[in-house]
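A short worksheet on the structure shown next.
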Amino acid sequence: GQQVMQIPQYQHVQEGEDFTTYCNSSTTLSNIQWYKQRPGGHPVFLIQLVKSGEVKKQKRLTFQFGEAKKNSSLHITATQTTDVGTYFCALNYGGSQGNLIFGKGTKLSVKP
Amino acid sequence: DAGVTQSPTHLIKTRGQQVTLRCSPKSGHDTVSWYQQALGQGPQFIFQYYEEEERQRGNFPDRFSGHQFPNYSSELNVNALLLGDSALYLCASRGRQGGPKGYTFGSGTRLTVV
């Protein structure tokens, strides 16, 4: 079945540095969603990407969907301590009534 | 506008016992999915309920069963608990048509099997 792989597994940055996590698949993805899970919390939906080459921004967060729709990335500019958490990409599998196949996530820690 | 509510928040059970977890979806949502999240892992899909029926199921044994009620709330039942069932169980809801594409997750039930 389809799966998505995320790298890196962990990322430690100094506050103010940039951060990027990558999500890859061996097959073409119909869409990709990104979630953030704070320590001890639950996943919170950030965004969905659907179109080839799509780029979306949310303040300091930039999300990209590859031209071949086999990879995606989340980039955070000038990290803050509030960015701490695990970032998951997830494939919404099965169309509009589908369910999520999550990657293993990238755990971000930010040193003040 | 209430989000997804799950109960209990924490639970400790003994191997072989049975457990029932509960979920109330976000107001306006009618589809409920359950996920299991082991420590350090991404959530794994268990099953989805819509119109009181199980619509999709992930790779989980029959020990995992569920139910959806007419008010859209849902239960997850796990029989013959194993140590490996220890995890965070997340309920997620969404509307069937339109609206944001993402799921709204509850805070989860932390199940520990001893």
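Worth pointing out:
- Amide proton proximity set for A:Ile47, modelled H, under 5 Å, gap of 5+: A:Trp34
- Less than 5 angstrom separates the built amide H of A:Gly105 from those of A:Gln6, A:Cys89, all sequence-distant by 5 or more or on a different chain.
- Rounded to the nearest 10 square angstrom, A:Glu67 shows an accessible area of 140 square angstrom against a 1.4 Å probe.
- Counting protein heavy atoms only, the protein assembly as shown has 50 percent of its accessible area on carbon and sulfur, 1.4 angstrom probe.
- Signed unit charges on C-beta, dipole axis of the protein assembly as shown, positive-most listed residue A:Ile76, B:Leu88, B:Ser27: A:Ile76
- Per residue accessible area in Å² of region B:5-113, where ligands, DNA and RNA are left out and the probe is 1.4 Å: 47
- Using a probe of 1.4 angstrom and keeping all protein chains present, the accessible surface of region A:5-111 works out to 48 square angstrom per residue.
- Rg/Rg_globular for region A:5-111, with Rg_globular taken as 2.2 N^0.38 Å and Rg from C-alpha atoms: 1.02
- Within the assembled protein chains, the solvent-accessible surface assigned to A:Ser26 is about 90 Å², based on a 1.4 Å probe.
- Debye log10 I(q)/I(0) at q = 0.10, 0.18 Å⁻¹ for chain B, Cα point scatterers: -0.26, -0.84
- Interface residues, region B:39-55 - accessible area loss of 10 Å² or more versus chain alone, probe 1.4 Å: B:Gly40, B:Gln41, B:Gly42, B:Pro43, B:Phe45, B:Gln48
- Residue-by-residue Karplus 3J(HN,Hα) for region A:27-36, coefficients 6.51, -1.76, 1.60, Hz, glycine and proline x: 10, 5, 9, 6, 6, 9, 10, 10, 10, 10
- Kirkwood hydrodynamic radius over Cα pairs of the protein assembly as shown, then Stokes diffusion coefficient at 37 °C and 0.692 mPa s, in µm²/s: 182
- Take the accessible area of chain A alone and of chain B alone, subtract that of the pair, and you get about 1600 Å² summed over both chains, using a 1.4 Å probe.
- Peptide A:27-36 shows a mean partner chain C-beta count of 1 within 10 Å per residue C-beta.
- Using a cutoff of 8 angstrom between alpha carbon atoms and counting only pairs six or more residues apart, the relative contact order for region A:34-73 works out to 27 percent.
- 3J(HN,Hα) from dihedral phi, region A:44-53, Karplus parametrisation 6.51/-1.76/1.60, rounded to Hz, x for glycine, proline: 10, 4, 9, 6, 10, 10, 10, 8, 4, x
The values are calculated or read from the model by the stated rules, or taken from the named source; none is laboratory data. Treat the numbers as computed from the prediction; the structure is a model and nothing was measured. Cβ coordinates were reconstructed from backbone atoms using ideal geometry, including for glycine residues, and neighbour counts include every protein chain displayed. These area figures cover heavy atoms from the full protein model, side chains too; ligands, DNA and RNA do not enter into them. Shrake-Rupley method; radii C 1.70, N 1.55, O 1.52, S 1.80 Å.
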